[in-house]
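Encoded as structure tokens, the structure appears first; notes follow it.
The values are calculated or read from the model by the stated rules, or taken from the named source; none is laboratory data. Keep in mind that this is a model prediction, so the values were computed, not measured. Cβ atoms come from the backbone with ideal geometry, glycine included; neighbour counts cover every protein chain shown. To get the accessible areas, we keep the full protein, side chains included, count just its heavy atoms, and leave off ligands, DNA and RNA. Shrake-Rupley method; radii C 1.70, N 1.55, O 1.52, S 1.80 Å.
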Amino acid sequence: MAAEQPNQSEYNRARVMRFLYNNGVSSRAQIAKALDLTPAAITKITAKLIDEGLIVETGEIEGARNRRSIGLLLDPERFHVIGVKFARSLIQVGLFDLAGNARRIWVDMTADHPSIADMIASLKALIGRIMARFSTVVAIGMAVPGPYLRDCGHTAVVSSMRQWRDVNFPAEFADAFDVPVFIEQDARAGALAQQLFGTDDARDDLAYYLIGEGVGLGVVERGHTIDGARGTATEIGHVSIDVNGRRCDCGNYGCLERYCSAVAIHEALDATLDEDGGVVAGSDRMTHIEACEALFSLASAGDARALELVRRVGTYVGYGLVTIINAFNPRRIIIGDIVSHAGAPLLEAAMHVVGERVLPELTETTAVTLSDLPTDAAVTGAAAVAISAFLEQPSRFADLARRRRGD
């Protein structure tokens, strides 16, 4: 669900909101200088935002030339959003403040429902209960597996979960609640989370490499995501790394996600069960997440076979990094989701591939790190989608919050 185009006044209010969001307590003079607006304009804008309850005055702070100024603050706990992350085997739902802090996370396993329709009904009921309890919820963000065809609302392919292709997400959710719903491809949602909640200078020029039950990529360039004509740009999970390799549900051969996703890792673990009990005993009775976490725990403890498998997966992850660096040249690449929990051994193997296959000039200027978002980062990206919309149209959401409170 796309946000409406704001007018100039709302655009400037959004700029002030974003500045306070990124910089914390600031004076009117500091905001005016940073945004190249007149003091009179800032006074008018901030008065409106204070009246709407979007920002507050915090008392005196030290300004330029040791002068005392009144500080302004965007209180991240005044409003909340709901984030929903769809994956192959589960749906995560989280209640978040505007700083991206999870107040609570709910997890629903698809295996516990007889059909996708039943799961969607259960999800709607859960969101309804959360909203009834928290009147401060002003938006819902949803992160769905890619390739997500934004113009028609469908996911084009979800390997091993064909049922999700029949779900029209906007038709199911856009008008289901009394707050707006914003839907985004999951890796792009992850990139928005890194942009919003990151702390380094590369926030407006980064790539988020999602390696979970699927593999995806979100790229932020000069502050904006790269979307493509139908919303399926940067779909790295279906880039072939072996033209004669494994068949993928998308119709291609040798797709990256067939080699380094959590699903692929689980398959590799199950294939070892006849070898003295396997690398992870009982992996065939585990979920994808459980199997991966068990593998990573063994690797961390020094188990030789586990380390060998993690490094092999890391090599495939490295092939993806080569494509990302050569195709998009971001300043920073963040590896996130389930497989990033493998830690240093995975990253070292991936960077070895980069060192062998990428021009030194690009390798030296591209920082590659594992995500430092909290444990529930998979759903944090969905919250970031909603928070970004809130910051872009603050007055719209202030009006909505008043109606929800019954003011």
Practice item. Tally the DSSP beta bridges in the chain and give the antiparallel ones as a percent, rounded to 5. Key: 65 percent
Revision key, fill the gap. Classified through the alpha carbon gyration tensor (a ≥ b ≥ c as square roots of its eigenvalues; rounded if a/c is under 1.5, else prolate when a/b is larger than b/c, else oblate), segment 201-370 comes out prolate
Point to revise | Residues of type lysines that residue 124 reaches as a straight line, Cα spacing below 18 Å, ignoring anything fewer than 8 places off in the same chain | key: 85
Review point. Could you give the distance between the Cα centres of segment 21-45 and segment 66-110, to the whole Å?
Key: 25 Å
Check your understanding: What list of ³J(HN,Hα) couplings, whole Hz, do you get for segment 127-140 from phi and the Karplus terms 6.51, -1.76, 1.60, once you set θ to phi - 60° and write x for glycine and proline?
Key -> 4, x, 5, 5, 5, 5, 7, 10, 6, 7, 6, 10, 6, 10
Review point. Once the dipole of the chain is set up with Lys and Arg at +1 and Asp and Glu at -1 on Cβ about the Cα centre, which of 299, 32, 225 lies farthest towards its positive end?
Key: 32
Review point. If the cut-off is 25 Å between C-alpha atoms, which lysines fall inside it for residue 33, apart from same-chain ones fewer than 8 positions away?
Key: 44, 48
Point to revise | Within segment 201-370, percent of DSSP bridges classed antiparallel, to nearest 5 | key: 55 percent
Check your understanding: What whole-number value in Å² describes the accessible area per residue of the chain for a 1.4 Å probe?
Key -> 44 Å²
Practice item. For every other residue with a beta carbon closer than 10 angstrom to the beta carbon of residue 278, add +1 if it is Lys or Arg and -1 if Asp or Glu, then tell me the sum. Key: -4
Exercise for review: With the full set of protein chains in place, find how many percent of the accessible area of the chain is carbon and sulfur; take the probe as 1.4 Å.
Suggested key: 47 percent
Point to revise | Cα centroid separation, segment 162-199 to segment 331-375 (Å) | key: 26 Å
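Report the longest stretch of the chain that contains none of the GluC sites (Glu not before Pro) sitting in a DSSP loop with at most 12 other Cβ atoms within 10 Å.
78-274
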Check your understanding: If you take the square roots of the eigenvalues of the alpha-carbon gyration tensor of segment 102-228 and sort them as a ≥ b ≥ c, do you get rounded (a/c under 1.5), prolate (a/b over b/c) or oblate?
Key -> oblate
Study note, to complete from the structure: Heads up, the chain by the C-alpha gyration tensor (a ≥ b ≥ c square roots of eigenvalues; a/c under 1.5 rounded, else a/b over b/c prolate, else oblate) looks prolate
